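Read-outs throughout are calculated quantities, based only on the coordinates presented, and are distinct from any laboratory measurement. Every value quoted in this text rests on a predicted model; they were computed, and no experiment measured them. So basically every Cβ, Gly included, is an ideal-geometry build from the backbone, and we count neighbours across all protein chains shown.
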Amino acid sequence: MAEKIRIMLVDDHEMVRTGLKSLLETQPDFQVVGEAGNGVEALERVANLNPAVVVMDISMPLMDGFEATRKISAANPASAVVALTVHEDKHYFFQMLQAGAKGYITKEAAADELIAAIRSVAAGHVYLQPALARWLLEDYTVLAKQLRTHSGDPETNGLDALTLREREVLELVAEGNTTPRIGEILNLSPKTISRHRERIMNKLNMHSTAELVKFAIRTGLVQAG
């Protein structure tokens with residue numbers, strides 16, 4: 001007979017833990033070996049019980065799920081954390097993944113999704129609730145666009161082609177400083193600043209201050225507004 005998946009439940013609501021335990025123990029390959037009501041208790045019990053999967057709430061007293069997940073992932077990497085939370089929130093989603101969680105499920109999800117998540121992370125995989133995985137796709141799309149921007153678009157990819165001094169000048173131009181004022185800030189003559197501006201425009205194939213400002217905002221050199 002195959003070894004059961006050892007599971008620990010971490011949630012500050014006892015009724016939630018009781019319901020989860022009843023649900024999970026209907027699965028012949030699951031065994032709930034422990035419970036905890038906050039992150040501090042979770043750390044102690046994970047160290048003693050060595051569960052394969054920790055089903056982790058996020059909002060808890062004493063130590064929240066973010067910190068508990070970080071510490072469990074560092075000290076007990078064999079115990080995979082699945083976030084189970086009310087928070088259908090992109091910030092929470094990425095913060096838990098950054099902390100080391102291998103799965104993320106909301107409490108509104110179907111029971112089958114939690115069961116699938118536990119089996120998946122116990123097998124060494126990652127499980128993200130399909131309705132939320134779109135956030136990864138959105139971030140990937142933004143990243144891919146940025147990579148294309150810096151690798152092939154002649155209008156916006158030139159930041160890496162600029163020297164440190166040219167970046168400084170560009171940033172000050174985009175912030176609305178005049179040529180004489182930039183010269184004062186950088187302790188250079190207005191004539192030298194003008195030459196820098198000319199080289200920047202040539203490298204970026206741009207012909208106006210407005211284009212330079214838009215470029216600086218697009219590349220994150222300055223913030224809009």
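Structure data summary
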item	result
Sum of side-chain charges, P190 neighbourhood, beta-carbon under 12 Å (Lys, Arg +1; Asp, Glu -1)	+3
Segment 5-132: C-alpha gyration tensor shape, a/c 1.5 cut-off, then a/b vs b/c	rounded
Theoretical gain in end-to-end length, A110 to D160 [0.36 nm per residue, Cα-Cα removed]	13.2 nm
Gain on full stretching of the segment that runs from A210 to E67 - 0.36 nm per residue minus C-alpha separation	47.0 nm
Percent breakdown of C-alpha pair distances by 10 Å bin, ordered from the shortest bin, for the chain	8, 27, 19, 11, 14, 14, 7, 1, 0
Positive minus negative residues near A36 (Lys, Arg vs Asp, Glu; Cβ under 15 Å)	-4
Viscosity 1.002 mPa s, temperature 20 °C, Stokes-Einstein D of segment 153-218 from Kirkwood C-alpha radius, µm²/s	184 µm²/s
